[in-house]
Amino acid sequence: MELTWISLLPPLIVVGTVAVTHQLNISLVFGIVSAALIATHGELFSALLLCWHKGVIHFLDVDNVYLYLLLIIISSLIALLTVTGSAAACARIIGKKMRTKRSVELSVVMLSFLLSIDDYLSILTVGFVMRPIADRLGVVRTKLAYIVHALAGPLVIIIPISTWAAAVLAQLDNAGINLNAPHKIIADSFYVYLKTIPFIFYSFFVVISVWFVVITRIGYGNIAQDEYRAIDSDSSNKEILTYEQEEVHSLVELFMPIMLLVGGVFIGILYAGKYHLFGGSNSFFDAFRENHQTFLIMFMSGLTAFVASMMLFVHKRMISLIQVPAVIYEGACLMRSSIIMIVLASILGSFLRLELQTGSYVASLLLGVTPLFLIPVLLFILSLTITLITGSAWGTFSLLIPIATQMVISFLGLKPPVTLDQIAILFPALGAVLSGAACGNHISPFAETTIMTATSTGIDPLEHAKTQFIYTVPVIVATLISFIIAGLLCDSGLYKSFCISAGAGIGLMIVLMIILNYTKKTG
């Protein structure tokens, strides 16, 4: 197909429809139908046949089947931890000795890290459990909501074993990143994701900013005003907090499945990648690079974690075997909409990459006008804008990852297949897409996570979106600068590029936060 502006129409239709309806899956269907009609020159029957063909091809790929089974297993594990009360009980165990505002906030941070396999699990569990403790010790709810939300999506997207990671891997594979020929980029999708994680600057910066706020006790904006008006209970509240008896529960219930999940994936990948300690001949990084069975390994690790947790809870008489099918069904229901979204987004991404060549068209527009080093920062702005409008991080990176990979290849004038050594800027480019999606999901008033955070912490959603925004401004500015520097230095080596760009971003962010705090005191 000739490169024309019409290749931009399907993603624009998706973004516009989501902005109006707030229904991502329906919007993706509109995008798929429009892409099929464009590809078949308006022939409706041929368009529907092409859509059916792409759907069949999608499900014939066994990696996609393993991915959806993995999502159901992780969601079932989340349902299991919720039904048995284990997640809430472990949170109360951790919170038993809290006596100060700082200890409450640090506990929120720690719990968010422990529950970072899924943003919904983190938000709902941490918010509901810590809200009465925060109220008792004088931590204002707007600040509690800020910490809970800032450590949900931004943290989950940089955890290799999470629901977000599984979705990202699916889109990387859909974008043509695979070891098996023929593909645009000859590399393992999980290896590419691991190499991209350091460049998801927004996530790292927002986590560091939360730590800085909690440790130094600085504050500004409406949250600082709320804290100023709140009664200081650090020294005046001497009452001992009481908790429900938690003798039945232990932290093993939470740590065991997480360790099995993470350990199983890394050991499985090293084994499949023929790491020398497992009888192969590859080094540690070569084993990750040459692994062919990521999705199978992730599914088996998730299944192992779920079965082990189930057996533990059955042994403790917290659940019976007859209840397990209901838990799995609940997990499938929780993940149903997300699985449908991934399927539809993958089919649309295939259209954009193969038939419409949207990424190549965008590259042709920028070629000769925009220098290569600005590609990451432009992708960050685009990703952030789309997510702000739609409220969906998954929808955004599902749209942009196929476009970004194709755009980078075209911009460099390379002919597929290419190797990672030829496209060093791919990692900051993908990091920019994921950063923008995480940032937009964090600050968008339309995002489900915004509403869920407000609900779990007991404040109004718009109040939460407004009060937390000023805390994200230094992070966003630092992220913009870091992507510019990363784009300039990516050809000098990824390690050097990351160290300099991340260091500059963190330094700038902290300076801006100190200035905002100082302005509050002198204003």
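Details
- Extended-chain gain in nm, criterion 0.36 nm per residue less alpha-carbon gap, ILE514 and THR4: 178.8 nm
- Among the listed pairs LYS143/LYS466; LYS184/LYS274; LYS274/LYS496; LYS184/LYS496; LYS54/LYS184, those whose Cα-Cα separation exceeds 20 Å are LYS184/LYS274; LYS274/LYS496; LYS184/LYS496.
- With an a/c value of 1.5 or above and a/b not larger than b/c for the gyration tensor axes a ≥ b ≥ c computed over the alpha-carbon atoms, segment 293-346 is described as oblate.
- Compared with the dominant principal axis of the Cα atoms in the chain, helix 44-60 is inclined by about 60°.
- With the simple spin-label model, which puts each label point 7 Å out from Cα in the Cβ direction, the VAL248 to SER364 separation comes to 6.5 nm.
- Built from the Cα atoms of segment 45-199, the convex hull projects on average onto 12.2 nm², one quarter of its surface area.
- Rounded if a/c under 1.5, otherwise prolate or oblate - segment 385-523, Cα gyration tensor axes: oblate
- Short-range pairs are left out: with C-alpha atoms under 8 Å and at least six residues apart, the relative contact order of the chain is 23 percent.
- Note on LEU48 and LEU412: their simple-model spin labels are 4.3 nm apart, each label 7 Å out from Cα toward Cβ.
- Relative exposure of SER392, SER338, SER281, SER435, judged by other C-beta atoms within 10 Å (fewest first): SER281, SER338, SER392, SER435
- Additional length obtainable on full extension of the chain from LEU462 to SER337, 0.36 nm per residue less Cα span: 42.5 nm
- Karplus-based coupling profile of segment 497-508, in residue order and whole Hz: 4, 5, 4, 5, 5, 5, x, 5, x, 5, x, 5, with θ = phi - 60° in 6.51 cos²θ - 1.76 cosθ + 1.60 and x standing for Gly or Pro.
- Cβ crowding within 10 Å ranks TYR202, TYR275, TYR329 as TYR329, TYR275, TYR202, fewest other Cβ atoms first.
- Computed from backbone phi, the HN-Hα couplings of segment 209-226 come to 5, 5, 4, 5, 5, 5, 6, 8, 6, 6, x, 7, x, 5, 5, 5, 5, 4 Hz, rounded to whole numbers (Karplus: 6.51 cos²θ - 1.76 cosθ + 1.60, θ = phi - 60°; Gly and Pro given as x).
- Kirkwood Rh, angstrom, the chain [1 / mean 1/r, Cα pairs]: 23.9 Å
- Sorting 394-400, 419-425, 264-270 by their mean Cβ neighbour count within 10 Å, with the most densely packed peptide first, gives 394-400, 264-270, 419-425.
- Amide hydrogen neighbours beyond the local backbone of VAL418, cut-off 5 Å, H modeled: ILE185, ILE186
- Phi to ³J(HN,Hα) by Karplus 6.51 cos²θ - 1.76 cosθ + 1.60 over segment 254-269, Hz, x for Gly, Pro: 8, 6, 4, x, 5, 5, 5, 5, 5, x, x, 5, 5, 5, x, 5
- Here the calculated FRET efficiency for THR21 and ASP421, from their Cβ-Cβ distance with R0 = 51 Å, stands at 0.70, rounded to the nearest 0.05.
- Relative to the dominant Cα principal axis of the chain, helix 141-150 is inclined by about 30°.
- Calculated FRET value between ARG99 and TYR495, using beta carbons and R₀ = 35 Å, to 0.05: 0.25
- 0 to 90° range, to nearest 10: angle between helix 461-489 axis and the chain longest Cα axis: 50 degrees
- Computed E for THR385/LYS274 - FRET, C-beta separation, R0 51 angstrom, nearest 0.05: 0.75
- Length added when fully stretched, SER281-LEU354, from 0.36 nm per residue minus Cα-Cα: 22.6 nm
Values in this text are rule-based calculations from the coordinates and carry no lab data. Being a predicted model, the structure only gives us computed values, none of them experimental. Methodologically, a virtual Cβ is constructed for each residue, glycine included, from the backbone with ideal geometry; neighbour enumeration extends over all protein chains shown.
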